[in-house]
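For reference, the structure discussed in these notes is given below.
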Amino acid sequence: TNREDAVLRCLFLRQLHSLLLLSFDSFIHPFTMPDSRWTRVGRHSYNTTTHSARPVRTPGGKLVAQKIKKTAKGPRCSDCKCTLQGIKHIRSTQYHALKQRERKVSRVYGGSACANCVKVRIMRAFLLEEQKAVKKVLAERKK
């Protein structure tokens, strides 16, 4: 009876040990670190502004290169060179795909001059016309 208990205990411990080893191995392997290397697309190997890329992990756990597009400065005022408000900052080739209301502001000189410069232009034109009128009146008085 003592001998049978010892044999049964020994068999039980062996089975438990093998189960623990199996579960331990299956526990370790899924959590190994994936490969952190990635290669660039194409033959251009330098990380310049037009060829810059960054690694992105796919759902399969692989690292692949994703191209980074250049950021645009956006449209500028033709007079004072400040950025125009209300217009998207995208590359110049993509403006044709935008709607008209996204390309310009609903104002005179909408997509080319800022509001302050338009105001100055209107004031200048008005004052020039007033000056012409004053000159005309003065010339009539002299006669």
Between the helical axis of 2-28 and the dominant principal axis of the chain, each derived from Cα atoms, what acute angle in degrees is found, rounded to the nearest 10? 20
For Lys142, list the lysines whose Cα falls under 19 Å from its own Cα; do not include residues on the same chain fewer than 8 positions away. Lys132
Carbon and sulfur %, accessible surface of the chain computed with the full protein complex present, 1.4 Å: 59
Could you give the length gained on full extension between Arg43 and Leu98, defined as 0.36 nm per residue of separation minus the Cα-Cα distance, in nm? 16.5 nm
How would you classify the stretch 45-122 from its alpha-carbon gyration tensor, with a ≥ b ≥ c the square roots of the eigenvalues: rounded for a/c under 1.5, else prolate if a/b is greater than b/c, otherwise oblate? prolate
Lys and Arg at +1, Asp and Glu at -1: add these up for the other residues within a Cβ distance under 15 Å of Val134 and post the number. +2
C-alpha long axis of helix 115-142 to longest principal axis of the chain, angle in °: 0
Report, in debye and to the nearest 20, how large the dipole of the chain comes out about its Cα centre when Lys and Arg carry +1 and Asp and Glu carry -1 on their Cβ. 1780
For the chain, how big is Rg over Rh, using alpha carbon atoms and the Kirkwood form of Rh? 1.59
Of the listed links Lys70/Lys119; Lys99/Lys119; Lys81/Lys136; Lys73/Lys119; Lys88/Lys119; Lys67/Lys88, those spanning more than 28 angstrom between alpha carbons are Lys70/Lys119; Lys81/Lys136
Probe 1.4 Å, accessible area per residue of the chain, Å²: 91
Given the -39500 (n - 2.57) contribution per DSSP H run of 4+ residues, what per-residue ellipticity at 222 nm results for the chain, rounded to the nearest 500 deg cm²/dmol? -14000 deg cm²/dmol
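The values are calculated or read from the model by the stated rules, or taken from the named source; none is laboratory data. If you're wondering where the values come from, they're calculated on a predicted model, not measured in any experiment. Here Cβ is always computed from backbone atoms with ideal geometry, including for glycine, and neighbour counts include all displayed protein chains. Surface areas here come from the heavy atoms of the whole protein model, side chains and all, with no ligands, DNA or RNA. Shrake-Rupley method; radii C 1.70, N 1.55, O 1.52, S 1.80 Å.
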